[in-house]
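One structure is given below, encoded as structure tokens.
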Amino acid sequence: MRKGDARMKILLLLVSGLVAVAAVDGTVVNATTGKPQASVIVSLLQPGSQGMQTLGSVKSDAEGKFTINKDVPPGPAILQAIYQGATYNLVLAPGGPTSGLHLKIYDSTSKPGIAKVSQHMILIEPSLSALEISETFLIENETTSTFQDPVKGSIEFYLPDAANEKVNVTINSPGGMPIQRPAEKTKDKNVYKIAYPVKPGESRFDVTYSLPPSETFSSEILHAEGVTRLVTPSAVSLSGDGIDSLGQEPQTKANIYNAGGTKYTVNIVGIGSLRNPEASADDDSGENPQLEEKAARVYSRMGAVLVLVFAILALGGVLLYRKRPA
């Protein structure tokens, strides 16, 4: 073989290797049936400051296989499948495998009882200017099907009149990224629904709204299963029929109460908020959230704080509840 031919052969091998790297391939697997799934739209996405950028999309073939002939970005990328109205994500870490991937999807169902509220936490932050309410619903789906009911929604919650229909909803689903979704009115007064697929595993729905300053707070519990906890900063105490004190969460010293029944009204004493006392007045980054016992101001970046705080409160609340005398 001539030297030029040998060099050309090596060059072709190198080029073919680069082509192989510049592609993402795998199989869409239906985890409900345990079989490959055909005709599923699969996209390669790159998150950035301008949102998600779609680098390429294909449809899985009859054997569930797909190949996206696009360069994988140097940073993290997301492989996303859309199936029966729900999206499923697989994060591609930098330097990780891009070939022979298995992207799981699930059949959808509206059968009642598939998705259940395991914990409902209501953070009450009174200040001189507003009463900030942040409700977190932890929803368990222990099946191999995705629950979605566009008519009744995945969950329903009570929104007081004083909120003036202004409410923010953030959803964290298994394998996904936090997303915003609107709350929709139902035919029942003050009852709103969130119509979003609940995938197998645990999902978190965060609902936040502001009320005028008040020494009382009234609401309703619309789910039959799970437990409901009322949470306040340590400088704030609650009293009222149907609630019982469970003590303080050890790390944040937040007060935790158990709410029984379907309706409740609590009396509020004190003011307080979850803040970072070392942050400047203009810094609401949400890093290292701590409890600050002073008047709260209305701020819009509660999501980053709640992600960390409620993880702590969920664990602390469960432990305190278990220690409670029978």
Let me spell it out: the conditions are (1) within 30 Å of L103 (Cα to Cα); (2) in a helix (DSSP H, G or I); (3) not hydroxyl-bearing (S, T, Y), and A162 meets all of them except one. Which number is the exception? (1)
Of (1) surrounded by fewer than 16 Cβ atoms within 10 Å (Cβ to Cβ); (2) in contact with a strand residue (DSSP E or B) (Cβ under 6 Å, 6 or more places away or on another chain), V207 satisfies all except one. Which? (1)
Here are some conditions: (1) farther than 30 Å from Q84 by Cα; (2) within 23 Å of the chain's Cα centre (by Cα); (3) hydroxyl-bearing (S, T, Y). S203 meets all but one. Which one does it not meet? (1)
Can you pull out every residue in the range 105-115 that is part of a strand (DSSP E or B) and crowded, with 22+ Cβ neighbours inside 10 Å? I105, A115
Can you name the residue in the range 217-241 that is over 26 Å from the mean Cα position of the chain (by Cα) and closer than 17 Å to E135 by Cβ and is also surrounded by the fewest Cβ atoms within 10 Å (Cβ to Cβ) among such residues? V236
Need the failing condition index for E156 against (1) in contact with a Leu (Cβ under 6 Å, 6 or more places away or on another chain); (2) on the phi > 0 side of the Ramachandran plot, just the number. (2)
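Taking the range 127-168, which residues are hydrophobic (A, V, I, L, M, F, W, C), under 19 Å from the mean Cα position of the chain (by Cα) and crowded, with 21+ Cβ neighbours inside 10 Å? Break it down into steps so the answer makes sense when it comes.
If we filter the range 127-168 for residues that are hydrophobic (A, V, I, L, M, F, W, C), which is where we start, we get 128, 130-131, 133, 137-139, 147, 151, 155, 157, 159, 162-163, 167.
Checking which are under 19 Å from the mean Cα position of the chain (by Cα) leaves us with 133, 137-139, 147, 155, 157, 167.
I133, F137, I139, F147, I155, F157, listed by residue number.
Per-residue answers, yes or no, for (1) more than 16 Å from S43 (Cβ to Cβ); (2) out of contact with any Gly (no Cβ under 8 Å at 6 or more places or on another chain); (3) surrounded by 14 or more Cβ atoms within 10 Å (Cβ to Cβ):
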site	(1), (2), (3)
I78	no, yes, yes
G95	yes, yes, no
V117	yes, no, yes
E125	yes, no, yes
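The numbers here are math on the coordinates, done by the rules we state, and not lab data. What you see is a predicted model, and the numbers here were worked out from it, not measured in a lab. Glycine also receives a Cβ, built like all others from the backbone with ideal geometry; neighbour counts cover every protein chain displayed.
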